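Okay, so here's the structure we're looking at.
Coordinate-derived values only; no laboratory data. For clarity, every value in this text was computed on a predicted model and none was experimentally measured. As a convention, Cβ positions derive from the backbone with ideal geometry for all residues, glycine included, and neighbour counts pool all protein chains shown.
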Amino acid sequence: MTAAIAPLTARPAWQALKAHHQQIREVHLQQLFADDPQRGERLTLEAAGLYLDYSKNRITDETVKLLLQLARESGLGERIDAMFRGEKINVTEKRAVLHVALRTPQGASIVVDGENVVPQVHAVLAKMAEFAQRIRRGDWRGHTGKPIKNVINIGIGGSDLGPVMAYEALKHYSERALTFRFVSNIDGTDFAEAVRDLDPGETLFIISSKTFTTLETMTNAHTARDWFLAGLGGEVKAVARHFVAVSTNTEKVREFGIDTANMFEFWDWVGGRYSLDSAIGLSTMLAIGPDNFQAMLSGFHQMDEHFRTAPFEANLPVLLGLLGLWYNDFFGAQTVAVLPYEQYLKRFPAYLQQLTMESNGKQVTLEGTAVDYQTGPIYWGEPGTNGQHSFYQLIHQGTRLIPCDFIAFAQPLNPLGRHHDMLLANVLAQTEALAFGKAPEQVQAEGTPDWLAPHRVFLGNRPSNTILAARLTPETLGKLVALYEHSVFTQGTIWGINSFDQWGVELGKALAQRIIPELESREEPRLAHDSSTNALIRRYRRLKGAP
Ligand code: G6Q
């Protein structure tokens, strides 16, 4: 399929963008806005209820035209179709990439290895919903007859970040009688702090692991089991009422001692970082209920359909992906700041970090040749307005170009006096200040002494997107996540990389397995690492008082 596609830097649109960048790189947003009084209304796009204002980007109509041409020359359309058809586009793991099937309505058909997966998806959703209702209504009793009050999700990476983010994002819609905690780190503190005030008889553990072999998760799961059994007098049969699993690995779930009737399944065609809307979202469903979970899936699906069918020039994820690529590959921007002006989205930047950086942090193409251009940028961010009193200084007056995505909602979930208007005034003011800055003449006209004036100048011309929606709801969250998923896909396609594997996490894991016995050994181990690692191991052993 990709046979006819030229290497990225040899594509005509890439060449044209390079030349175009030379012309436009010094042009100021002030100029662009002065030249076109309609720019702020024209360079906007609305899809599935999300409004994107991309006018404060360092682009002209020509830039957009060339970026869209680049998407076409990169075979984006074919690649989107291939994903939705269930082709094994994750070539290094020989897997289909079908998170979109997780939110496909009943009755549709997506075939993987000769089987329609849509009915399987809905069977698991129905099982999750039934379980969620029993817990939420207090019908599911713990071993000692008490209803479940606490739910602890144990998982890491894709089996943690999505659930945590979604729980925090949708807390407003959650059942407040239930307490939710998330344990991921191998650091014992994570588990200890999560359970310190809980009664095991009222606690449900969800062991979320696609493989059910992940070191951190299995270690925490066994620790949870020990803690639970210690609290309930060692009654092993009590485990069945307090431990459920979300996994693709039935064998390992059984081996751990979880009744496979209480296992919620998903499939190898769901990547970890794309799994929050699979059974990995069980904790989310327990928190917000099946109807709200369904609304979230519907939001995802609306954005999927938009991505699949809208022409590129009116396609929100395509445009967002292309704008990111413009700064990454032509302006040399190294990072993107994601700045939600919504307290409930406080974990959204962390979630996006995995989605974007694990997906597109790749150094070779699908064919295995080294890339000669930059791939995935660094994503980071914090909710506004807190960031304004911290790192925004560097975005406004530092020496680096940092494109920003601002995310805001018109209606507050917790209306309190003037708070929301003040919050929104801030997000708008930030995008304005970044784009237009404050000229030396203006600073001087305010009577600033000459010696101080340079410090108070804002050069401006700092680009941003503003994403505005009516209200943060489960449905809106689904749309927002799908928007970024498909924007990552758009970029990965143009870069010609595999956005769906993560071999880069393997080496450190393997080396840790080798070092664990060296740290634990009662004898002084014979070390064969480099001199730095050897010395650190010896010092650690001394400091911890090893024998
Ligand atoms: C995500 C990655 C990774 C994965 C974790 C947990 O895309 O694959 O973050 O989710 O390593 O894996 P398990 O779910 O198998 O425990």
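Observations on the model:
- Ranked by the mean number of other Cβ atoms within 10 Å of their residues, highest first, the peptides 119-125, 441-447 fall in the order 119-125, 441-447.
- J(HN,Hα) series, the stretch 160-174, from Karplus relation 6.51 cos²θ - 1.76 cosθ + 1.60, nearest Hz, glycine and proline x: 9, 4, x, x, 5, 4, 5, 4, 5, 5, 10, 4, 4, 9, 8
- With N as its number of residues, the stretch 102-214 has a Cα radius of gyration that, divided by 2.2 N^0.38 Å, comes to 1.24.
- Burial order of peptide ranges 514-520, 162-168, 465-471, 102-108 (average beta-carbon count within 10 Å, highest first): 162-168, 465-471, 102-108, 514-520
- With 20 Å bins beginning at zero, the pair-distance distribution over Cα atoms of the chain amounts to 20, 49, 28, 3 %.
- Stretched out straight at 0.36 nm per residue, the stretch from Q38 to S531 would grow longer than its current Cα-Cα span by 171.2 nm.
- Calculated from backbone phi, Karplus (6.51, -1.76, 1.60) coupling profile of the stretch 390-397 in Hz, x at Gly/Pro: 9, 8, 4, 3, 5, 5, 6, 10
- Near E485: Cβ cut-off under 15 Å, other residues only, Lys/Arg at +1 and Asp/Glu at -1. The net charge is 0.
- Between 0 and 90°, nearest 10: helix 12-24 axis offset from the chain longest Cα axis: 60
- Proximal aspartates and glutamates relative to K56, as straight alpha-carbon distance under 20 Å, when same-chain residues fewer than 8 apart are discounted: E26, D35, D36, E41, E46, E313, D329, D405, E432
- The stretch 84-199, dipole about Cα centre (Lys/Arg Cβ +1, Asp/Glu Cβ -1), debye to the nearest 20: 400
- Using C-alpha pairs under 8 Å with a sequence gap of at least 6, the mean separation divided by the residue count of the chain gives a relative contact order of 18 percent.
- Taking the longest Cα principal axis of the chain as reference, the axis of helix 61-73 is set at about 50 degrees.
- Between the amide H of N90 and those of R95, V97, distances stay under 5 Å, these residues lying 5 or more places away or on another chain, with hydrogens modeled in the peptide plane.
- If you wrap the Cα atoms of the stretch 391-431 in a convex hull and average its projected area over all directions, you get 3.5 nm².
- Helical contribution to [θ] at 222 nm, DSSP H n ≥ 4, -39,500 (n - 2.57), averaged over the chain, rounded to 500: -13500 deg cm²/dmol
- Each Lys or Arg adds one and each Asp or Glu subtracts one; over the other residues with Cβ under 15 Å from the Cβ of V27, this totals 0.
- Taking every DSSP bridge with both residues inside the chain, close to 30 percent are antiparallel.
- By the count of other C-beta atoms within 10 Å, a proxy for reagent exposure, K509, K171 are ordered fewest to most as K509, K171.
- Rounded to whole numbers, the Karplus 3J(HN,Hα) couplings from phi for the stretch 529-534 are 8, 5, 5, 5, 5, 4 Hz, using 6.51 cos²θ - 1.76 cosθ + 1.60 with θ = phi - 60°, and x at Gly and Pro.
- F180 long-range amide H proximity, modeled H, under 5 Å: V151
- Ascending count of other beta-carbon atoms within 10 Å, so fewest first, for R538, R42: R42, R538
- Shape category assigned to the stretch 159-234 from the gyration tensor of Cα positions, a/c cut at 1.5: oblate
- The stretch 277-419 shape via C-alpha gyration tensor axes, a/c threshold 1.5: oblate
- Environment charge at T260 (Cβ cut-off 11 Å; Lys +1, Arg +1, Asp -1, Glu -1): -2
- Computed extension gain for V505 through D61, at 0.36 nm per residue and net of the alpha carbon distance, reaches 155.8 nm.
- In range of the label at E87: residues from the stretch 1-41 whose backbone nitrogen is under 14 Å from the point 7 Å along Cα→Cβ: 1-5
- Modelled spin labels at A425 and D450, positioned 7 Å past Cα toward Cβ, are 3.6 nm from each other.
- Using alpha-carbon coordinates, inclination of helix 506-520 to the longest axis of the chain, degrees: 50
- Unit charges at the beta carbon, dipole of the chain: most positive-side option, P383, P449, Y327: P383
- Interchain or long-range residues, amide H under 5 Å from K438's placed H: F458, L459, G460
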